[in-house]
Structures are given as C-alpha cells and as structure tokens.
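Notes for the one structure printed next.
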Amino acid sequence: MESARVVAGLARLLHDVGLAEELAQDALVIALEQWPQSGVPDNPGGWLMLTARHRAIDLIRRNARYTDKLAEVGRDLAVRQESAEAELIDELDDHIGDDLLRLLFTACHPVLPAEGRVALTLRLLGGLTTQEIARAFLVPEPTVGQRIFRAKRTLADKGVRIELPPPDELPGRLASVLEVIYLIFNEGYSATAGDDWTRPSLCEEALRLGRVLAGLMPDQAEAHGLVALMEIQASRIRARTGPDGEPVLLLDQDRRLWDRLLIRRGLAALARAEELGTLGPYGLQAAIAACHARAVTPEDTDWERMAALYRVLAHVAPSPVVELNRAVAVGMAYGPARGLEIVDALVRERALRSYPQLPAVRGDLLEKLGRLDEAREEFRRAADLTRNERERALFLARAGR
C-alpha cells in the first residue's frame, strides 16, 4: 500500500524512476527483516521513506556523487526522526504538489510511447505485476516487461524530471493519464488473477488520483467523466461479493448495498462533464453506468438507452471489448438472438482469443436461447481462460447449472 508513495517521493528527489523503485524495494526488504522483531512502527510510510532516503545517501556516497546529490536528498537527515517523518507526511499529503500525481504525469511523458507510459505507471503506481498488466492489455507478458524496461531507460537517458508539466502542456498529456488511472481502477474492480474477486485498495487509489486530477483540471470534461464512471462503479463494490467472497453478478446484486453517496457523487461529476461539452469515451461509459445506478431494480434498467450509448461509444472509441459489452445491452433490450449476432462476429477477433468474457457472454446468450449444450461448453472455456480463482468458480458453476 505504501510502495507507490515511497517510489514517487524518491523519484522526485532522485530524478531517476528506476533507481527510486530499487531503493523502495530495499526499504521494504529491511522492513520485512526488522518489523517482526521491533514491531510495525506507528507511521509505516514515513519509516519506509526515511529508510529509503538513507539508502539513497549510501548509494550516492558509493558512486562518488556525494557532493551534488547529498544536498538534494539528505540535507536534513541529522534532524530527529520524528521531525523528518512529519515533514515527509506533509510532502506526501500535499494536494497539488502530490508526488504520486507528479510521477503519474512523468510516467506519461511524451518521450515515451503510449504503451510504455501505461505499462510503467501501472507498475509503479498501481503495484501491478507484469502478468496482470499483460492481461489488462491482452498482450504477451514478455512484451509488457520490455515496455517497462525501455520506459525506465528512456526517462533516465532523457533526464526527465519528476514534476508536473506546465499548464499549457497539461491537456495534451491528459489522455494517457486518464487511461492509466482507469486501468488501475479496473484491476481493483475485477482482479485479473489471484484468489480475490476485487482489490478495493486499487479502486480507492485510482479514485483518489482521479479526484485530484479533476480538481487540478476543472475544465476538462473527460477528467470529470472518468471520475463519474469510477464513482458509480465503485458504489457497487460491497454488493459484488457474497459472504464467502464469491462473485455476485450485477443483475443479482442486492442494490441496498450500493453506496448512495458514491452514486450521488458520480452523477454530479457526470452532470459537470455534460456541462463542459460533448461526452468523450469516459463520459459515455459513465452515462451507461448511470443507467444501472438510476434503476431501483434490474427490471427498471433502460436497456434501450444503454444499447444506444454503446453504439455511440463504439463510434467514438471502437474496440472489440466495447462491441462485446454492446452485445450484452442489445441482448437485454432486443432479445438474446440479436446480442448473439454481435458476439459471433467477434469470435475471430485476435485480441479476444484469451479474453474469458467473450465465451462467458456467448454462454449466457446461448443459455437464454435454450441451447444448453453449447452454453455449457462456452462457460467451461471461459473457466479455462481466466486466471482469477473466484471467476473460475463462477464460470464452472454456470456450466454445472
């Protein structure tokens, strides 16, 4: 939980993302060695940052760069540890000068290709493994590893500083930042691997970054659109799992568990995005999510409006995943046969070959059409493709039913 903040704080001081990550890992290892004997400190984040800064000074001394870097990294380390920790917390909690936000914009620097920006930021700020990032992007794991390595090396070679861009450059850098934040949120909302269906801490961090970004750029409609989308989706997290952590699908959820405060915040952010102009991809997805949020029961959902919004989204931001989601809405609005036509056209899409939701959606539509043998095979195939144990159990249960 503290790793991203430590990396971000060190990166701002050292101006070297790769070195900052290494030193943060060193500090975490030291904590694993010492805390079992000494106990977890009252301020774990401050302890980790202070330890990492000490490691930075040791490294600088060894590399004979003491004179230049010591003033920048460790000028005040002789002060009592309590004072240093308080200072660090003030730095980390500063709203506009947020180190994580600085690192976010730096990782999305124009010197990096788009795929490198997203992969690096997910690794540094989301704490995702290369495997999880690969699943999010539907690309091979070695490809993601190379993107992260090249991105770190490029930032170091170009001497990119860890800082917010000038105001006139902020809008141009926004799109990749929004993409990264939403991918972090999605990994928390539906974990690609492991034993947990959700990872709420990732959703919370993405929401925090999104809210800060919207506050920093109040006239950017898509920043508010993304916040609206995440707020509304996050409102369902409590209802998405049962008593034993098993997944609960949207139409089966107890809507009394939905967080009404988050829904109100999301609808307010959506209204703000609409005031600022035409909705972009995130605003459109937020409008789709709002169709669920406004429905008291599943039967009250405006599926026809949702299908129409997906059609617009497919025009604005075409992708196989958008088409798959449109198939679900079309199936609910106009019957499963119409939805299945869309899904069948996606079967040969290379990007969806290892995507478990494709056979899962197809299985659901086939089940509604009474084609049970075919549906069973689709759910089994979905279970084979997923790497999330909770999701695998869900698909196998559907197949068994």
- Item | Selection from segment 192-210 of residues that are assigned to a helix (DSSP H, G or I) and crowded, with 19+ Cβ neighbours inside 10 Å | 202, 203, 205, 206, 207, 209, 210
- Item | Only listed residue being part of a helix (DSSP H, G or I), touching a residue at least 40 places away in the same chain (Cβ under 8 Å) and of a type in the set (Asp, Glu), chosen from 377, 367, 391 | 391
- Message: Take residue 162 and tell me if it is more than 18 Å from the chain's Cα centre (by Cα), crowded, with 20+ Cβ neighbours inside 10 Å and modelled with pLDDT of 80 or more.
- Response: yes
- Item | Members of segment 355-401 found to be more than 15 Å from residue 344 (Cα to Cα) and among the small types (Gly, Ala, Ser), listed by number | 370, 382, 383, 393, 397, 399, 400
- Residue check, residue 295 crowded, with 16+ Cβ neighbours inside 10 Å and either farther than 19 Å from residue 228 by Cα or not polar (S, T, N, Q) (or both): no
- Query: Do we have residue 155 as buried (at least 16 other Cβ atoms within 10 Å of the Cβ) and at pLDDT 90 or above here?
  - Reply: yes
- Please find, among 145, 172, the residue that is under 23 Å from residue 22 (Cβ atoms), under 22 Å from the mean Cα position of the chain (by Cα) and part of a helix (DSSP H, G or I). 145
- Collect the residues in segment 342-356 that are in a helix (DSSP H, G or I) and touching a Ser or Thr at 6+ places or on another chain (Cβ under 9 Å), keeping them in residue-number order. 351
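The values are calculated or read from the model by the stated rules, or taken from the named source; none is laboratory data. Computed from a prediction, not measured in an experiment: that's the story for all the values here. As a convention, Cβ positions derive from the backbone with ideal geometry for all residues, glycine included, and neighbour counts pool all protein chains shown.
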